[in-house]
Amino acid sequence: MILFPNAKINLGLRILRRRPDGYHDIDSVLVPIGWSDILEIVPAPAGESTSLTCTGRPVACPPEKNLVMKAWRAMAERFPEMPQARIFLRKIVPDGAGLGGGSSDAAFTLLGLNELFGCGLDTDGLAAIAATIGADCPFFIYNRPMLVSGTGTTLAPADTDLDGLHIAIAKPEGRSVSTAEAYAGVTPHDPGTTVADALAMPRNRWQRELVNDFEPSVGARLSEIDLLKARMLAAGAVYTAMSGSGSAVFGLFESANLAERAVSALDDCACWTGLMKPQGV
């Protein structure tokens with residue numbers, strides 16, 4: 001079985017408050033995009049334990065600590081008789097980018113195991129398991145625009161107008177941001193208006209109203225963030241922002257040509273362009 005775990009972007013990201021458990025309540029809209037890894041899952045030969053082989057872009061952890069293997073263990077705990085598997089992951093989406101690549105790989109592992117071995121879980125059942133793996137993982141089970149609240153695992157469908165928009169993404173090579181580092185630089189606050197409120201405004205107001213609270217502190221450490229945003233705006237973006245906790249920056253454009261022009265000649269970045277699909281990829 002071959003699957004294509006896709007990335008995501010955040011349209012707005014507010015850090016509202018720090019919780020007693022040390023986590024943070026957030027407000028964001030997550031939207032799937034077509035930039036994808038390649039995941040293959042096949043039954044393992046008799047007597048062989050489940051294994052993960054990674055190729056492509058370097059992954060900054062050993063296979064046994066990869067979220068894909070965490071997803072496998074979560075399913076094996078739920079279904080002890082599930083066969084062992086060989087899992088092959090070709091990394092294309094960069095890590096440390098705020099694009100959810102690792103979370104998507106884990107979620108698609110759940111989806112693939114469920115289908116390949118006939119586990120019979122429905123979407124909500126898979127999302128419940130995904131929530132035990134990582135905050136963004138349940139989103140990729142549904143894989144459509146979703147309003148995200150709480151610690152990132154409370155999801156509701158988002159009616160977001162992205163019709164006709166194209167996206168360009170640039171992630172500076174060798175410049176990554178850990179989620180822990182990003183949160184350490186943020187002072188939580190509630191602005192009184194929600195991300196959904198901002199998205200309901202005309203697109204020409206998004207750049208002012210649709211805010212990612214991680215940008216000031218991450219941008220202070222990585223000058224590329226502001227430079228890439230300026231490049232996107234100069235190329236005609238209707239909206240540009242850092243995705244998640246960074247370090248990828250995206251721009252939304254009204255034509256494919258404008259999107260492609262925005263990231264042309266960026267030899268020091270991993271780049272991707274594509275059409276936004278409002279109901280998911």
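The values are calculated or read from the model by the stated rules, or taken from the named source; none is laboratory data. This one's a predicted model, so the numbers in the text were calculated from it and none came from an experiment. Cβ coordinates were reconstructed from backbone atoms using ideal geometry, including for glycine residues, and neighbour counts include every protein chain displayed.
What the table below lists for this structure:
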read-out	value
Output for the range 1-58, where each listed residue is basic (Lys, Arg) and either farther than 29 Å from Pro157 by Cα or touching a Ser or Thr at 6+ places or on another chain (Cβ under 6 Å) (or both)	Arg57
Helices (runs of 4 or more DSSP H) enclosed by the range 80-181 - at least 1 residues per element that are surrounded by 23 or more Cβ atoms within 10 Å (Cβ to Cβ), of a type in the set (Phe, Trp, Tyr) and at pLDDT 95 or above	101-116, 137-142
Asn10 being out of contact with any helix residue (DSSP H, G or I) (no Cβ under 7 Å at 6 or more places or on another chain) and crowded, with 20+ Cβ neighbours inside 10 Å	yes
Residue among Ser245, Ser255, Ser217 that alone is outside the structural domain of Trp35 (by TED's automatic domain parsing), farther than 27 Å from Asn143 by Cβ and not aliphatic (A, V, I, L, M)	Ser217
Long-range neighbours under 8 Å by Cβ, at least six apart or interchain, first residue part of a helix (DSSP H, G or I) within the range 47-69, second loosely packed, with under 12 Cβ neighbours inside 10 Å	Pro63/Thr53
Test: residue in the range 243-257 that is more than 15 Å from Gly274 (Cβ to Cβ), in contact with a helix residue (DSSP H, G or I) (Cβ under 9 Å, 6 or more places away or on another chain) and among the polar types (S, T, N, Q)	yes
Complete set of residues in the range 135-184 that are among the β-branched types (Val, Ile, Thr) and in contact (Cβ under 8 Å) with a residue 60 or more places away in the chain	Val148, Thr151, Thr160, Ile167, Ile169, Val177, Thr179
Looking only at the range 237-258, and only at residues there that are out of contact with any strand residue (DSSP E or B) (no Cβ under 6 Å at 6 or more places or on another chain) and modelled with pLDDT of 95 or more, the one that is surrounded by the most Cβ atoms within 10 Å (Cβ to Cβ)	Leu258
